[in-house]
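First comes the structure, then the notes that go with it.
Where a number appears in this text, it was derived from the coordinates with a stated rule and is not lab data. Bear in mind that the values here come from a model prediction, so they are computed numbers and not experimental data. Note that we place each Cβ from the backbone using ideal geometry, even for glycine, and neighbour counts take in every protein chain shown.
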Amino acid sequence: MHSDVLIVGGGPAGLSAAIAARAKGLRVTLVDFRKPPVDKPCGEGLLPEAVKGLRELGVDPEAGQSFRFTGIRFQDSHSSVAAEFPGTSALGVRRTVLHQLLVERAESVGVNLIWGAHARNQNSLYAEINGQRTFFRWLVAADGMNSSIRHRVGLDPLLPKRGRFAFRRHFALVPWSPFVEVHWGEGCQIVVTPTGREEICLALFTSDHRKRLAQALPQFPELARRIEAAQPTSPECGARTVLSRTHVAVRGNVALAGDAGCSIDGVAGQGLNLAFQQAHHLAEALAREDLASYAETHRKITRTPVNITRLMLLMAQNSWIREKALRMFAAKPTFFFKLISIHASNSESDALRLHDLFGLGWRVLRA
C-alpha cells in the first residue's frame, strides 16, 4: 500500500492533520491502536480559535451536543474576575463527541483510517500495519506526549515534562454561568465547562495523583453546593497532563503534531487550538514539500501558549503569587481582558504583546 502521508495517532491532532492534508490532494493513511470514539480527560472547552480551526476543516462543532460560552472567569476564596472573548464565543463539547465528528469528516474526505492496529518496524520509507507494508513520503507523529516516533528520531523535548494529573466527570446540571470558570485552590484547580444545555464538566488538575474531585471539592464550598444534588452523567476518569515542548518539530521526512511536539497542561485549555493550527500549517508545508517551514511555524505558534501555561502553573504552585495575581486581575480587569484576548487568539503577533503585558504585570506584582 502507498500513501503520500502516514499519520500515526488518531486523536484530534492526527485526524485534523489528516483532513487538512486530504484537502491539499494528498493520499493519507492514519493508524491508531485504539478504536473510536477516543476519550481524554480534559476541560472540554474549545477556545474561539479552535472553533474557527474546526470550521475551516469542514467540521461543525455544534453538530453534536455543545454549549456556547462567552469568556473565562478566575476565582479563589478572596477574588473573582471575568473577561469575555473579544467579538466571538467559544464552545464546550464532550471530547468523545468532538472525536466522532472528526472521524466522520476524515471518512467523508477519503482518509484511509485503520483502527485497532499498530505501525510496526517503522523506517524512513515504510511501516508494517497488520502485517502489510505501507510506503509513504512523509510520516506524521501524532502519537501523544510519550511519542515513540519522536524518541526514535531523536526529537525528545527541550522543555522538560512538568507532570500533573487531570480527573474529569460530567454532571446533569443546567449551566449557571456563560463563562468557563477556573477555581483556584491549594495544590489544585477545578475547571467548570458547560457541555450542554443541561450538563457541565468538572475537571480537576492537581499534582497529587491520589486526589479526586470528592477530595478537592471541600476547598470550593460554593461549587460544592452547586453540584451537591446533581447526578453524575459519566464515570470519573483521569490521565497525566504535562507542559512539554520539543525544540524542533521536524527531522528528515518526519513531523510532529499535537502533544508529540508540544503538550500543554490541561488547565490552560490550549491543546486543541494548537492541534488545529498545526494541522493547517503542516498541510501547507506537505503540499509544498517544505517541512522546514512547518518547523519554523511550530516554534512561533507554540510560544505564547507555553508562556501563558507557565504563568498558570506558577500560580498553581505558589499561593502568594496566585493570590496577588488574582487580586491584581480583579483590581485591573482591563489587564485580565488583554491576557484572555491573547490567550484566546494565539496569533503569531501575540508573543510581543504578551512580553509587554507580563512586564507590566510583574511590576504590579512586585509593588
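For q = 0.14, 0.21, 0.22 Å⁻¹, what log10 I(q)/I(0) does the range 15-58 give under the Debye formula with an equal point scatterer on each alpha carbon and no solvent? Debye curve over Cα of the range 15-58, log10 I(q)/I(0) at q = 0.14, 0.21, 0.22 Å⁻¹: -0.47, -0.93, -0.97. For the charge dipole of the chain, defined by +1 on Lys and Arg C-beta atoms and -1 on Asp and Glu C-beta atoms about the Cα centroid, which residue among A166, L339, H247 has the Cα displaced farthest towards the positive pole? Of the options given, the answer is H247.
Beta carbons within 10 angstrom, averaged per residue: use that to sort the peptides 258-270, 287-299, highest first.
Values: 258-270: 27.5, 287-299: 16.2.
So the peptides 258-270, 287-299, ranked by packing, come out 258-270, 287-299.
Pairs of C-alpha atoms in the chain farther apart than 35 Å represent 22 percent of all such pairs.
The stretch between K211 and R310 holds 33.4 nm of extra length on full extension. This uses 0.36 nm per residue minus the Cα-Cα distance.
In loop segments of the range 144-208 as defined by DSSP, the chymotrypsin sites (Phe, Trp or Tyr not before Pro) with at most 14 further C-beta atoms inside 10 Å of their C-beta are W176. Within the range 103-160, the percentage of alpha carbon pairs spaced more than 17 angstrom apart rounds to 51%. Sorting 96-105, 220-229 by their mean Cβ neighbour count within 10 Å, with the most densely packed peptide first, gives 96-105, 220-229.
Kindly put E284, E186, E199 in sequence by how many other C-beta atoms sit within 10 Å of each C-beta, fewest to most.
Details: E284 16, E186 11, E199 21.
Fewest-to-most Cβ neighbours within 10 Å comes out as E186, E284, E199.
Partners of K332 within straight-line reach, counting aspartates and glutamates whose Cα lies under 18 Å from its Cα and excluding those fewer than 8 residues away in the same chain: D76, E84, E323, D356. A 26 angstrom limit on the alpha carbon distance is what I want to check against. Which of K52/K338; K35/K211; K24/K52 exceed it? In this structure, K35/K211 exceed 26 Å between Cα atoms.
For the range 234-245, backbone phi angles converted through the Karplus equation (6.51, -1.76, 1.60; θ = phi - 60°) give residue-by-residue couplings of 7, x, 6, 9, x, 6, 6, 9, 9, 10, 7, 8 Hz, Gly and Pro being listed as x.
Would you compute, from DSSP H runs of 4+ residues alone, the mean residue ellipticity of the chain at 222 nm, taking -39500 (n - 2.57) per run and dividing by the full residue count, rounded to the nearest 500?
Values: 11 runs with 140 residues, N = 367.
After summing the helix terms and dividing by residue count, I get -12000 deg cm²/dmol.
In order along the range 214-231, the Karplus-derived 3J(HN,Hα) couplings, from 6.51 cos²θ - 1.76 cosθ + 1.60 at θ = phi - 60°, round to 4, 7, 7, 4, x, 5, 10, x, 5, 5, 4, 5, 5, 9, 3, 9, 6, 8 Hz, and Gly and Pro are given as x. Between A117 and E284, the modelled labels are 3.3 nm apart [label points 7 Å from Cα along Cα→Cβ]. The simple Förster model, with R0 at 25 Å and r as the Cβ-Cβ distance, assigns R137 and R240 a FRET efficiency of 0.15.
Principal semi-axes of the equivalent ellipsoid, √(5λ) from the alpha carbon gyration tensor of the range 153-303, are 36, 17, 11 Å from largest down.
Filter the trypsin sites (Lys or Arg not before Pro) in the range 145-199 down to the DSSP loop ones having no more than 10 other Cβ atoms within 10 Å, then list what survives. Mind showing how you got there, number by number?
Details: sites: R150, R152, K161, R162, R164, R168, R169, R197; in loops: K161, R162, R197.
Listed in order of number, the matching sites are R197.
The value given for the range 1-85 is a Kirkwood hydrodynamic radius of 15.7 Å, derived from the mean inverse Cα-Cα separation.
Assigning unit charges at the beta carbon (Lys, Arg +1; Asp, Glu -1) and nothing else, what dipole magnitude in debye, to the nearest 20, does the range 1-90 show about its Cα centre?
With only Lys, Arg, Asp and Glu charged at Cβ, the dipole is about 300 debye.
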